[in-house]
Structures are given as structure tokens and as C-alpha cells.
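Notes follow the structure.
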């Protein structure tokens, strides 16, 4: 039986820290009128749904409930946050085998429901799991999006905003590549309202550009590890990043966001998922956006791609 898609319905699979924070952010977003939560522990999903639903009178009418795979068939967007958490001594890539196994259980059950919407992958390592989700689902590639480096880019804008004393909305910059240790700050295309970064830095009294940029990039790359060490998990930032991606899809905004999607020849990279700026709208990823990169940045991007390729070659999909 064919299921008619409900454009105002979202599903969240996995009700851990990230899934619950995401559901809480979406409850307040006014993007959806219905949200179903799934978890391997039904009571956990049910408890989160009840708790979050109690905020509805302050936000706007919305039906929020725990459900099963049959309940998500007509969702416009399914957000997958399920998976093992990153431990303090683990890199995102250490998680890969645990979470590919989780996806081998989840994705076929989504496919079985005849789901026709957008699949948004949030679990880590997000680039590898985005690739895995495409392969396991057989969905058109534009319909499978990873949250990518949307959060890393927000962290970069936070750090730059503080460094330069300027509103982060006026900063145009991306973290690209792997959402992880080989990520790259794309400094050569960074600008502040069209003003080249170095010029703006000097206007604000900063002259030691190379060192400052190195320190900021390191701070951004390590911030997740620092947060995990202090409070065991990161979830508010990623919840807001997921909300931002959902906004662009639901409203067909065609915003340029550094999401994870399969690459086809851009910068000489083929057949793996990487986090790169792309136009995101109602149909998912429309096209990648070719930002200007220096030779050094392209080399680093290739290194990032090879890191992911090496791991993908070792997993059985």
C-alpha cells in the first residue's frame, strides 16, 4: 500500500543525548506538526516524548509520541542519531564498526516501510555512515544527507566571532572534509561580509594571521573532545545544526550548508561521502558548490578523503 508523505512530520531514531536534544530543538522550531521518537528502549523514547511534549503549550501545537518503524513511513525527514557514544579516549573513526552494525539493523527497516522522504544521518562517524546509509538503503543519493561539518562550521564562526569582535552572521567560512580529525578550515575562501579575512583581521588590530588561524582551527577540531572530557557528550550544538538543516529542507530554502554527501569528481574526489558546501532544499542535496581552495587546502582535502576511503574499504557493506 502506498503511503502519502506528510510534509509536516519528522521522525528521530535514537533517543540518547543527541536524539533527545534534537527532538527538543525541533519541538520549538515550528517546522513540524508531528514528531515520532524511536529507540531500542521504547520506554526511553516514550519518556522523552512525554517530557518534550509538556513544552508544546509554550511553543506551538505539535503531536509528539514514541512509536515503531510503521509509524515513520510517511515522515518527510527521518533523523538517525542512533549508535554508540564516542568515549573520551576514542576518535570518531573508532566508532565505525559499532555503528555500521547499528545501521545494518536500522536502514533496512526504514526501506521496508516504503519511506520516500529525506534521510538525515547524524551518528558518528557521520561521513562513513552517510556512505553506508546510501549503500544499505539504495535511495537516490540526494535523499541521504549527513549532518557533516555544519556543527564544526558553527564552532569556527563562534571562535572567529570572538577573535574579531564581529557578529557571526557576517562571517562566511566553512570547515570541510571529514567531520573529524582530518577536517580542514577553508581559510582561503573565508571572508567577513565580502572583506578578505586578513584585511578584516588587520582592521581589528590582529596581524599574526598564520598563528591565529592555526590556533583557531585546532580549537575547533578539539572542542568536541574537550566537551566530551568535561560532560561526557556533545548534544546542544549538533541539535541546533540538525534544526538548521531541517529548516532548509522543509522551507526549500536552498541554503548552502557543509553537509555530508557522496562526491562525484569535485576536487578530484569520487565515490565517498565528504562534508562539503552544498545547496540543500526540499529534495535534499541539489548540487555541491565549488568554493575556492588553495593548493594546500586541496591537498589536505585529498588526505581527508583518503582517510575515509581507507576505512570504508575495511567495512563490509
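Under the condition of being in a helix (DSSP H, G or I) and surrounded by 15 or more Cβ atoms within 10 Å (Cβ to Cβ), the residues counted in the stretch 158-211 number 15.
From the list 267, 225, the lone residue that is out of contact with any strand residue (DSSP E or B) (no Cβ under 6 Å at 6 or more places or on another chain), on the phi > 0 side of the Ramachandran plot and not assigned by TED's automatic domain parsing to the domain that holds residue 135 is 267. Filtering the stretch 100-125 to residues that are assigned to a loop (DSSP other than H, G, I, E, B) and either touching a helix residue (DSSP H, G or I) at 6+ places or on another chain (Cβ under 8 Å) or buried (at least 20 other Cβ atoms within 10 Å of the Cβ) (or both) leaves 113, 115, 117, 122, 123, 124, 125. For the stretch 129-145, taking the residues that are buried (at least 24 other Cβ atoms within 10 Å of the Cβ) and farther than 19 Å from residue 310 by Cα, the one that is nearest to the chain's Cα centre (by Cα) is identified as 145.
For the stretch 238-258, the condition of being buried (at least 19 other Cβ atoms within 10 Å of the Cβ), within 13 Å of the chain's Cα centre (by Cα) and not in a helix (DSSP H, G or I) holds for at least one residue. For the stretch 37-61, the tally of residues that are in contact with a helix residue (DSSP H, G or I) (Cβ under 6 Å, 6 or more places away or on another chain) and in a helix (DSSP H, G or I) stands at 3.
Only one residue in 9, 30, 87 is under 20 Å from residue 146 (Cα atoms) and within 22 Å of the chain's Cα centre (by Cα), so which one is that?
Testing whether each residue is under 20 Å from residue 146 (Cα atoms) and within 22 Å of the chain's Cα centre (by Cα) leaves just 9.
Of all the criteria given as (1) in contact with a strand residue (DSSP E or B) (Cβ under 8 Å, 6 or more places away or on another chain); (2) modelled with pLDDT of 95 or more; (3) surrounded by fewer than 22 Cβ atoms within 10 Å (Cβ to Cβ), the one not satisfied by residue 24 is (1).
The values are calculated or read from the model by the stated rules, or taken from the named source; none is laboratory data. The structure presented is a predicted model; accordingly, all values stated were derived computationally and were not measured. All Cβ positions, glycine included, derive from the backbone under ideal geometry; neighbour counts span all protein chains shown.
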